[in-house]
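Q: Just passing along the structure, written as C-alpha cells.
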Amino acid sequence: MKHVYIKTYGCQMNERDSEAVAAMLRGRGYAITNSENDADVILLNTCSVRDMAEQKALGKMTMLAQLKRQKPDLVLGFMGCMAQSRGNELLQNPGVDLVVGTQRFHHVPDYIDQLVAAKENHDLMVPFRIVDVADEPGSESTIRDHVLGTNGDRQVTAYVSIMQGCDMYCSFCIVPYTRGTERSRPINEIVNEVQQLVAQGVKEVTLLGQIVTSYGRKTIPKKSGKSAFVQLLEAVHEVKGMERIRFTSPHPKGFGDDLVQAYRDLPRLCEHAHLPVQSGSDRLLKAMNRGYSRDWYLRIIGKLRDARPDIAISTDIISGFPGETEEDFEQTVSLARDVRFDQAYLFKYSKRRDTPAADMPEQLDDEVKERRNQLLLALTNDFIAQRNQQLVGQTVEILVEGRSEKGGKRFFGRTRTNKIVVFDGDERHRGALLPVRIDRANTTTLYGDPAIHNL
Ligand code: SAM
C-alpha cells in the first residue's frame with residue numbers, strides 16, 4: 001500500500017480541502033501517513049494570501065526535492081491556492097510532478113494513480129508530470145468526505161464547506177483569483193452532511209467558505225426577508241444532536257438585521273462573531289474596496305452586543321496598506337480601543353500579484369508595517385488578557401474536544417465564545433458539554449476545573 005503525506009498551509013478552508021483529499025485517497029486504497037519519511041507521495045496544500053505562506057511552501061518543496069534524490073520514485077505535488085495562481089510555473093521547482101488547482105481537488109486520486117504507475121514504468125524517456133488548474137462547474141459540491149478521528153479517538157468538531165470562491169474583490173486580496181467566483185452548495189446537501197456527522201458523534205460544526213455570508217445569494221431567493229445564509233443556519237439548527245454551530249469567514253457587509261436576529265433566535269448558534277474590519281480609517285476602507293464605513297461597522301457591533309450581550313467579537317486587521325498615514329493608523333487604534341476585540345488576527349500588508357493594491361503608489365516600508373503591527377498586537381493582547389481575566393471565578397460551558405497537546409491528564413475544550421479552556425480530565429469527558437470553573441487565564445488560554453466531577 002502506498003503512503004501519502006499531506007502538509008497544509010493557511011486557513012480552515014485549506015484544512016478542510018486536505019481532509020477531503022485524504023478521504024478520497026483512502027477510498028482509493030492509499031494510506032495517509034503523518035510522517036513525510038514514510039511517504040511515497042507528498043502533497044503540499046498551499047496558501048497565497050500572504051507572500052510568507054508562499055515562500056514557506058516553496059522552501060519546503062526545495063527540501064523535499066533533496067529527499068527525492070535519495071528516493072527517485074517519490075511523487076511530489078502542489079495543490080490549492082498557490083498551485084492555482086502559479087500553475088505551470090511551479091514545474092520549474094525541481095522534483096515537482098503534480099500541480100492541482102482549487103477546483104480540481106477531487107481529481108487528485110486519479111492523478112496520483114497515473115503518476116505512481118509512471119514511476120513504476122522506468123522506461124519513460126520524458127518525466128511524466130501533470131498540471132491541472134482548470135475551472136470546474138459544480139466543484140463546490142466535491143468537498144464533502146471526512147476523515148474523522150485519525151488516531152482512533154472520537155472527533156467532536158468538524159468543518160463543513162458550504163461554498164467556494166469570492167466575488168468581493170477587496171483591493172489587497174488574491175482570493176477571487178485563486179478560488180474563483182462564488183458558488184454555493186444546495187441547503188439539503190449541506191444538511192445531509194451535517195446529519196451524517198452527528199451520526200458519527202460530532203457535536204459542533206463550523207460552516208466554511210471564503211465569504212460565508214454571501215452563501216447562496218445567486219441561487220437561493222430571500223425568504224421572509226431572510227438571506228440564503230440565514231436560511232441555511234436555520235436548517236442546520238434543526239438537525240437534532242448538533243449542539244453548536246459556528247461559521248467562518250464572514251464579511252461585515254453580510255451582517256444584516258436577519259443575521260443579527262439569528263443570533264437572538266438560534267440558541268445553538270455560538271455567541272461568537274468574526275468581523276474582519278481590516279482598518280478603522282474610512283479613507284483606507286474605501287481604498288480597500290470594503291464597502292462599509294467605520295461608523296457602519298461599529299453600529300453592527302452594537303446591534304450584535306444588544307442581541308447577545310455576552311457575544312465575543314474577533315477581527316482581522318491589516319497594517320501598512322499602501323498610503324496608510326499615521327492618522328489612518330490612529331483611526332484603527334481607536335477603533336480597536338472602542339470595540340475591545342476578544343481576538344484579533346493582525347497582518348502586515350503583503351503585496352499580491354494581480355491585485356489593485358499591488359500597483360498603488362506609496363507602498364510602505366516593512367519597518368513601518370512591523371512597528372504598527374507590533375503596536376496593535378500589544379494593544380489588542382492587553383484587551384484580550386483583560387477580558388479573559390474577567391472570566392476568572394466564573395463557570396462557563398465548554399465542549400470537550402480531546403487531550404491537550406501537553407498530554408497527561410490535561411484535556412481541552414472551547415467555550416461558546418471560542419476560547420480554549422484546559423483542565424484535568426479523562427477520556428469520558430471527550431464530547432461532553434461540561435461546566436468548568438475558570439481558575440486562571442492568560443491571552444491564549446483559560447485554565448479551569450470541571451464544576452461537576454461525577455459526569
Ligand atoms: N472574509 C474575510 C474578509 O472579510 O475579508 C476574508 C478572509 S482572508 C482570506 C483572511 C485575512 O487575510 C483577511 O481578512 C485579511 O486580513 C488578510 N489578508 C488578505 N490579503 C492580505 C494581504 N495582501 N496582506 C495582508 N493580509 C491580507
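What follows is calculated from the coordinates using simple rules that are stated; it is not laboratory data. Since we're looking at a predicted model, the values are computed, not measured. Glycine gets a Cβ as well: all are built from the backbone with ideal geometry, and neighbour counts include every protein chain shown.
Q: Taking the Cα atoms of the range 41-130, what is the range of coordinates along each of the three principal axes, in descending order and whole Å?
A: Largest first, the range 41-130 extends 41, 28, 18 Å along its Cα principal axes.
Q: Using only C-alpha atoms and all pairs of different ones, pull out the Kirkwood radius for the chain in Å with one decimal.
A: Numbers: mean 1/r = 0.0425 Å⁻¹.
When all Cα pairs of the chain are included, the Kirkwood radius is 23.5 Å.
Q: Over all Cα pairs of the range 24-68, how is the pair count split among 10 Å bins, expressed in % and running from 0 up to the last occupied bin?
A: Result returned by the calculation: 23, 44, 29, 3.
Q: Projected onto the charge dipole of the chain (+1 at Lys/Arg Cβ, -1 at Asp/Glu Cβ, origin at the Cα centre), which of Gln55, Thr206, Phe423 gives the Cα projection farthest towards the positive end?
A: Positive-most Cα among the choices belongs to Phe423.
Q: Right, next: Select from Ala344, Gly77, Leu434 the residue farthest towards the positive end of the dipole of the chain; place +1 on Cβ of Lys and Arg, -1 on Cβ of Asp and Glu, and compute about the Cα centre.
A: Leu434
Q: Please name which of Leu64, Leu275, Asn192 has its Cα lying farthest along the dipole of the chain towards the positive end, using unit charges on Cβ (Lys, Arg +1; Asp, Glu -1) and the Cα centre as origin.
A: Toward the positive end, the furthest listed residue is Asn192.
Q: So how do Leu266, Leu44 line up by other beta-carbon neighbours within 10 Å, fewest first? Please report the intermediate quantities before stating the final value.
A: Working: Leu266 16, Leu44 26.
Lowest to highest Cβ neighbour count: Leu266, Leu44.
Q: Hey, what number do you get for the chain at 222 nm if only DSSP H runs of n ≥ 4 count, each worth -39500 (n - 2.57), divided across all residues, to the nearest 500? Don't skip to the answer; put the middle values down first.
A: Values: 12 runs with 151 residues, N = 455.
Mean residue ellipticity at 222 nm (helix-derived): -10500 deg cm²/dmol.
Q: Let me ask something else. In what sequence do Leu446, Leu207, Leu375 fall when counting other Cβ within 10 Å, fewest first?
A: On the way: Leu446 26, Leu207 22, Leu375 16.
Listed from fewest to most nearby Cβ atoms, that is Leu375, Leu207, Leu446.
Q: Now, a different point. Return an integer: the convex hull volume of the alpha-carbon atoms of the range 342-455, in Å³ per residue.
A: On the way: hull volume 15.6 nm³, N = 114.
Output value, Cα hull per residue: 137 Å³.
Q: Highest mean first, how do 198-205, 389-396, 70-77, 6-13 rank when packing is the count of other Cβ atoms within 10 Å averaged over residues? Before the final figure, lay out the partial values.
A: Working: 198-205: 17.8, 389-396: 14.0, 70-77: 16.1, 6-13: 20.1.
Peptide ranking by packing, descending: 6-13, 198-205, 70-77, 389-396.
Q: Explain nothing, just the number: dipole magnitude of the range 238-298 about its Cα centre with +1 on each Lys and Arg Cβ and -1 on each Asp and Glu Cβ, in debye rounded to the nearest 20. Don't skip to the end; give the middle numbers.
A: Values: 10 positive and 8 negative charges, 54 e Å.
The dipole of the range 238-298 has a size of about 260 debye.
Q: How far is it, in nm, from the label point at Leu377 to the one at Glu189 when both lie 7 Å from their Cα along the line to the Cβ?
A: If labels sit at Leu377 and Glu189, their model points lie 4.1 nm apart.
Q: Could you give each residue of the range 308-322 its phi-based ³J(HN,Hα) in whole Hz, using Karplus coefficients 6.51, -1.76, 1.60 with θ = phi - 60°, and x for Gly or Pro?
A: Once rounded to whole Hz, the list reads 9, x, 8, 5, 9, 10, 10, 8, 10, 9, 9, 9, x, 4, x.
Q: More than 11 Å apart: what percent of Cα pairs in the range 1-45 qualify?
A: On the way: 609 of 990 pairs.
I get 62 percent for the Cα pairs in the range 1-45 exceeding 11 Å.
Q: Another question, if that's okay. Give me the Å³ per residue figure for the convex hull around the C-alpha atoms of the range 171-235.
A: Values: hull volume 7.3 nm³, N = 65.
In the range 171-235, the Cα convex hull volume per residue is 113 Å³.
Q: Let me ask something additional. Which order results if Asp328, Asp97, Asp295 are arranged by neighbouring Cβ count within 10 Å, fewest first? Intermediate values should be presented prior to the final figure.
A: Details: Asp328 19, Asp97 25, Asp295 9.
Placing the least packed residue first, the sequence is Asp295, Asp328, Asp97.
Q: Follow-up. Would you please calculate the Kirkwood hydrodynamic radius of the range 270-333 over all C-alpha pairs and express it in Å, rounded to one decimal? Kindly include the intermediate steps, with their values, before the conclusion.
A: Values: mean 1/r = 0.0804 Å⁻¹.
Here the Kirkwood hydrodynamic radius works out to 12.4 Å.
Q: Under 37 °C and 0.692 mPa s, how fast does the range 161-272 diffuse according to Stokes-Einstein, given a Kirkwood radius computed over C-alpha pairs? Answer in µm²/s, whole number. Provide the component values of the computation, followed by the final result.
A: Details: Rh = 14.4 Å.
After rounding, the answer is 228 µm²/s.
Q: A follow-up question, please. List the DSSP H helices in the chain whose Cα atoms stretch 24 Å or more along the helix axis and whose mean Kyte-Doolittle hydropathy is at least 0.5. All intermediate terms of the calculation are to be shown ahead of the outcome.
A: Numbers: long enough: 51-70 (30 Å, -0.61); 366-390 (36 Å, -1.05).
Going by DSSP H runs, there are no hits.
Q: Taking R0 as 51 Å, what FRET efficiency do you get between Gln55 and Val198 from their Cβ-Cβ distance, rounded to the nearest 0.05? The partial results should precede the final answer.
A: Values: r = 40 Å, r/R0 = 0.79.
Between Gln55 and Val198 the formula returns 0.80.
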